[in-house]
């Protein structure tokens with residue numbers, strides 16, 4: 001990826017969505033540039049924390065260091081490869097990680113995990 005974006009994860013729900021949309025519209029009306037950003041919004045903090053468990057946040061931190069096979073992530077995290085793979089699946093569904101398959105000579109293919117952003121900002125309001 002040539003240009004990395006910031007991913008902001010919040011639990012501000014529908015109200016937050018419309019507040020951000022209005023602010024973006026104002027900036028565009030003033031001919032201001034919008035910083036590349038992806039926003040993931042949850043209705044409440046408990047939903048957000050269920051998806052972004054401490055273990056999954058650790059996966060994000062390690063993945064931010066650069067592209068790596070799932071097995072390497074699991075080893076770095078001292079966790080089971082299948083558990084890390086499930087976490088990667090869920091984080092990929094939310095657009096926080098992406099994966100691709102790479103040839104692993106003599107062993108088939110291996111799944112490579114890459115971050116979708118340089119920075120992840122978690123904002124929870126209780």
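All of the numbers you see were taken from the coordinates with simple rules; none came from a lab. Because the structure is predicted, anything quoted here is derived from the model rather than measured.
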Segment 5-123, relative contact order [Cα under 8 Å, separation at least 6], %: 34 percent
Percent antiparallel among DSSP beta bridges (both partners in the chain, rounded to 5): 45 percent
Helix-only mean residue ellipticity at 222 nm for the chain, each DSSP H run of n ≥ 4 adding -39500 (n - 2.57), per residue, nearest 500: -13000 deg cm²/dmol
Principal-axis tilt of helix 81-93 within the chain, Cα atoms, nearest 10 degrees: 30 degrees
Cα gyration tensor category, rounded, prolate or oblate, for segment 26-65 with a/c compared to 1.5: oblate
C-alpha long axis of helix 54-63 to longest principal axis of the chain, angle in °: 80 degrees
